[in-house]
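I have placed the structure first, in the form of structure tokens, so that the comments after it can refer back to it.
The values are calculated or read from the model by the stated rules, or taken from the named source; none is laboratory data. Because the structure is predicted, anything quoted here is derived from the model rather than measured. FYI the Cβ positions are ideal-geometry reconstructions off the backbone, even for glycines, and counts take in every protein chain you see. Remember, those area values only see protein heavy atoms, side chains included, never the ligands or the DNA or RNA. Shrake-Rupley method; radii C 1.70, N 1.55, O 1.52, S 1.80 Å.
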Amino acid sequence: MSDPTSAVKLGTSNQSLRSGSFTSTGYALKTFVITKGSTDELREILEKRVDTAPEGFFTDAPIVLDVSEVSSPQKLPFEDLKKLCREHGLFLLGLSGITDEDLARKMGQSGIPVVNSSRYARVREENFKPRVITKTVEVEVEKIVRDPEPMLVIRRNVRSGESIQAPGNSVTVLGSVSRGARIIASHHVIVLGDLLGEVYAGSPKNSHDPGTPQAFIYCGGRFGPTFVAIAGNYQTADDMEHEHLPMDSGREMRGLIVTWDGHRLNYMRCRDFTNQLTQHTI
């Protein structure tokens, strides 16, 4: 009859095992890669890979999920994933692919084990090492040129109830702004379609910021906003009714540009505004 302890003694180099001792292991864990992080995705994987495998191949097997491609691994429904694995005869031990030290610590505090493979463990260790500056260079800077901020482009209509905010940016809407919608930008606002909602151009970033008085609002379609503002200087729809706004033959305002001259908001047809710029240039 074989010694019942022989399997335990294998690989110990004739050293006696001590209770509570710490040893490195060579355990092999099966890993499934997920990219979306949903229970539906994992269920589909298990039905294709586990349920169709030969009998006994995955029975009570411990597994790890590789979540390196999941956008927000800290939001994974870990308990639901663990329960789903158990329904298919597996034990979910934890998640792999976490290389950010702060994220790994937060997930551990939330009860989600991080079981990184050696590859991800090395990356995590490198990220955790302090960066050492070995050389400093003094450079005399004559002039700092700040790169222009990118423009936020909305390639659709902005629906009622939506609020588009672009601190530090200009906004271009390749559609219309519905009544009840709101656009807030630190620079210009360009709407190629109808403008029927609220628009804040040159918007101050805080109480100490004067905003951008040079900002403008352009509307290529029907102009009928409920509120316009440039650098905190605003007018409501009622205020605009008392302005002598340029009307088309159909009593509609189209193709307007709104600017601030330091005293009041000005409403001009784009062609008139272009002619004015040309005259100043000549």
- Query: Just checking, how many residues over the stretch 1-34 are surrounded by 12 or more Cβ atoms within 10 Å (Cβ to Cβ), modelled with pLDDT under 80 and assigned to a loop (DSSP other than H, G, I, E, B)?
  - Reply: 1
- Message: Pairs needed: first member in the stretch 194-208, more than 17 Å from residue 163 (Cβ to Cβ) and in contact (Cβ under 8 Å) with a residue 24 or more places away in the chain; second member anywhere, open to solvent by 30 Å² or more (accessible area, probe 1.4 Å) and in a strand (DSSP E or B); C-beta distance under 7 Å; at least 6 residues apart or different chains.
- Response: 194/222
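Of everything in the stretch 202-226, what is hydrophobic (A, V, I, L, M, F, W, C) and farther than 16 Å from residue 264 by Cβ? Give them in sequence order.
Looking only at the stretch 202-226, we keep the residues that are hydrophobic (A, V, I, L, M, F, W, C), and these are 215-217, 219, 223.
Residues satisfying the conditions are 219, 223.
For the stretch 78-87, what are the residues that are open to solvent by 40 Å² or more (accessible area, probe 1.4 Å) and in contact (Cβ under 8 Å) with a residue 40 or more places away in the chain? If you could, list the steps in order and put the result at the bottom.
Step one: of the stretch 78-87, the residues open to solvent by 40 Å² or more (accessible area, probe 1.4 Å) are 79-80, 82-83, 86-87.
Hit for the stretch 78-87 is 80, nothing else.
Which residue out of 209, 238, 194 is within 20 Å of residue 154 (Cα to Cα) and acidic (Asp, Glu)? Let's see the steps before the verdict.
Working: 209 fails: within 20 Å of residue 154 (Cα to Cα); 238 fails: within 20 Å of residue 154 (Cα to Cα).
Just one listed residue meets the conditions, 194.
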- Task: Examine the stretch 213-224 for a residue that is within 27 Å of the chain's Cα centre (by Cα) and either exposed (fewer than 13 other Cβ atoms within 10 Å of the Cβ) or over 17 Å from residue 273 (Cβ atoms) (or both), and state whether such a residue exists.
- Result: no
- State whether the residues of the stretch 192-199 include one that is under 17 Å from residue 174 (Cα atoms) and open to solvent by 50 Å² or more (accessible area, probe 1.4 Å). yes
- Message: I want to confirm something. Restricting to the stretch 35-77 and keeping residues that are surrounded by 14 or more Cβ atoms within 10 Å (Cβ to Cβ) and of a type in the set (Ser, Thr, Tyr), which single residue is nearest to residue 104 (Cα to Cα)?
- Response: 68
